[in-house]
Amino acid sequence: MTADPTDPFRLKHLAEALVQAARKAGADQADALAVDGRAIGIDVRAGGLEQAERSEGIEIGLRVLTGGRQAAVSSSDHGDEAIAQMAQRAVAMAREAPVDDDLGLADPSQLTARRDARHLDIAEEGAEPDPAHLQDMALRAEAAALSAKGISQVEAANASYSHRRMWLAASNGFSGGYARTGHALSVVAITGEGLGMERDYAGESRVYAADLPSPEEIGALAAERTLARAGARRPPTGAFPILFDRRVSASLIGHLLSAVNGAAVARGASWLRRDLGEAVLPPGMDLTEDPLRPRYPSSRPFDAEGLETQARRIVADGVLQGWTLDLATGRKLGMASTAAAARGLASAPAPGHSNVILTPGTHSRQDLIAQMGRGLVVTSMLGASVNGTTGDYSRGAAGFWVENGQIAWPVNECTIAGNLREMLMTLVAADDALPWRAAEVPSLLVGGMTVAGA
């Protein structure tokens, strides 16, 4: 069945046609994704257009299961013949794959009755923005950054828009889909030149354009952050408290989320694999996942296996409540799925997270800096050496050195190191978490880490 490009249900037709073709080719079970995406990106520089990009198209993905084996394939060709060949290829690949008795689709009784995302308001109605409007936004953001005394140039100013619609169908009877939109604006500013050059950025993204900060706000913030980095130097070496600014604190919680991912736990490759029911954060601290937050970019009504998503506490009062599971990892561990499956067009489902929220503290970021006395505020990081099995942690960092409870000078070219288990148990949260993020995490003070600097 070839979908009419003007048919609003073309993705549904394609996904269901893929499943039918897979069953005809000999698959015991199958599920399929059809995705229609379009995106516009505008880059400006020095007051003029630097680059304009537009992409659009429909892509399809198919997963087949047969005899405890699975394979996944994808294609941008969605004609009748291509779909039939794709299904035959997937079944042939599956027959050569290793057996895993934990694989399989959801029982029909497990499937959600909710098959769209209207209640989540994650797709802005109406026409896409005109490229000239996006260019104007990027130029305004660039101009705001350049208006700050000391900014020598803007490396890039970008405005973009995306619209993505997906449909999931499976041989267990599931068929549902939804759309998602995104608006983004970012600026990278530079101060100084040569070896004294420093750069920083500001950027925001939202489902609705009206929820974005103004271009002037984003440009001014990029300039402010960049100018604060002028004259950066290495910090001293030693053991110090470290404040992870809210710009980077979500990455620290991301390591905890990786450790509670059922795929890592089932492989024995998680440093928390023996800590279910144990304290992993300080008392009073919760880590919640809520995929049903209206207008949030990561919200979704169902997971990639057709199960209904719902809010849950991963950590409650500091104690680990459970793993993050899809159907296969749940079966391996003898537990129910937490409706956390995510997948790409050419990949099998795997556990993932959406809309994570860490309990905020009662003190401001400045209060925590004062509490540090002497230490490091980290605002950006690069590179990573994190051992998922032991929790040993080491990353390159930049930010600001603190003396006598106040920011003293900007810092670059240093490494911070510690062990995640010990680091997370000393966390003190600020009250400055920002909304609209996939991970809503405030600035976090860690009691003590090793800093390798000058």
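The values are calculated or read from the model by the stated rules, or taken from the named source; none is laboratory data. Remember, it's a predicted structure, so these values are computed and weren't measured experimentally. Here Cβ is always computed from backbone atoms with ideal geometry, including for glycine, and neighbour counts include all displayed protein chains. Note: areas computed on protein heavy atoms with side chains; ligands, DNA, RNA excluded. Shrake-Rupley method; radii C 1.70, N 1.55, O 1.52, S 1.80 Å.
Quick look at the numbers
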item: Of all residues making up the stretch 204-248, the number that are in contact with a Leu (Cβ under 7 Å, 6 or more places away or on another chain) and farther than 30 Å from residue 359 by Cβ; result: 1
item: Among (1) part of a strand (DSSP E or B); (2) open to solvent by 10 Å² or more (accessible area, probe 1.4 Å); (3) touching a Ser or Thr at 6+ places or on another chain (Cβ under 8 Å); (4) hydrophobic (A, V, I, L, M, F, W, C) - the single one residue 454 does not satisfy; result: (1)
item: The stretch 420-431: number of residues that are buried (at least 18 other Cβ atoms within 10 Å of the Cβ) and either within 21 Å of residue 271 (Cβ to Cβ) or touching a Pro at 6+ places or on another chain (Cβ under 6 Å) (or both); result: 6
item: Count of residues meeting criterion [part of a loop (DSSP other than H, G, I, E, B) and open to solvent by less than 70 Å² (accessible area, probe 1.4 Å)] in the stretch 134-151; result: 2
item: Check on residue 330, in a helix (DSSP H, G or I), out of contact with any strand residue (DSSP E or B) (no Cβ under 6 Å at 6 or more places or on another chain) and in contact (Cβ under 8 Å) with a residue 60 or more places away in the chain; result: yes
item: Lone qualifier among 43, 77 - being outside any strand (DSSP E or B) and within 29 Å of the chain's Cα centre (by Cα); result: 77
item: Conditions (1) outside any helix (DSSP H, G or I); (2) without any contact (Cβ under 8 Å) to a residue 40 or more places away in the chain; (3) over 30 Å from residue 220 (Cβ atoms); number of the one not met by residue 89; result: (1)
item: Residue list for the stretch 24-53, filter: in contact (Cβ under 8 Å) with a residue 60 or more places away in the chain and among the charged types (D, E, K, R); result: 24, 31, 36, 38, 43, 45, 50
item: Residue check, residue 154 outside the structural domain of residue 294 (by the TED database), of a type in the set (A, V, I, L, M), under 18 Å from residue 30 (Cα atoms) and modelled with pLDDT of 95 or more; result: no
item: Hey, residue 184 open to solvent by less than 40 Å² (accessible area, probe 1.4 Å) and in contact with a helix residue (DSSP H, G or I) (Cβ under 8 Å, 6 or more places away or on another chain) or not; result: no
item: Search result, residues across the stretch 250-267 that are touching a residue at least 60 places away in the same chain (Cβ under 8 Å) and either farther than 15 Å from residue 421 by Cα or of a type in the set (D, E, K, R) (or both); result: 250, 261, 262, 263, 264, 265, 266
item: Failed item, numbered, when residue 124 is tested on (1) surrounded by 21 or more Cβ atoms within 10 Å (Cβ to Cβ); (2) in contact with an Asp or Glu (Cβ under 8 Å, 6 or more places away or on another chain); (3) among the charged types (D, E, K, R); result: (2)
item: The stretch 69-83 - residue that is crowded, with 17+ Cβ neighbours inside 10 Å and modelled with pLDDT of 95 or more and, of those, farthest from residue 168 (Cα to Cα); result: 69
item: Lone unmet requirement of (1) surrounded by fewer than 22 Cβ atoms within 10 Å (Cβ to Cβ); (2) touching a Leu at 6+ places or on another chain (Cβ under 9 Å) for residue 443; result: (1)
item: Candidates 237, 191, filtered to the one that is touching a strand residue (DSSP E or B) at 6+ places or on another chain (Cβ under 6 Å) and surrounded by fewer than 18 Cβ atoms within 10 Å (Cβ to Cβ); result: 237
item: Subset of the stretch 274-327 (residues that are in contact (Cβ under 8 Å) with a residue 40 or more places away in the chain, over 22 Å from the mean Cα position of the chain (by Cα) and not in a loop (DSSP other than H, G, I, E, B)); result: 279, 319
item: The listed residue being closer than 23 Å to residue 259 by Cβ and assigned to a strand (DSSP E or B), out of 381, 335; result: 381
item: Residue in the stretch 190-213 that is small (Gly, Ala, Ser), outside any strand (DSSP E or B) and either within 30 Å of residue 32 (Cβ to Cβ) or within 20 Å of the chain's Cα centre (by Cα) (or both) present; result: yes
item: Within the stretch 241-272, tally of residues that are open to solvent by less than 10 Å² (accessible area, probe 1.4 Å) and in a strand (DSSP E or B); result: 3
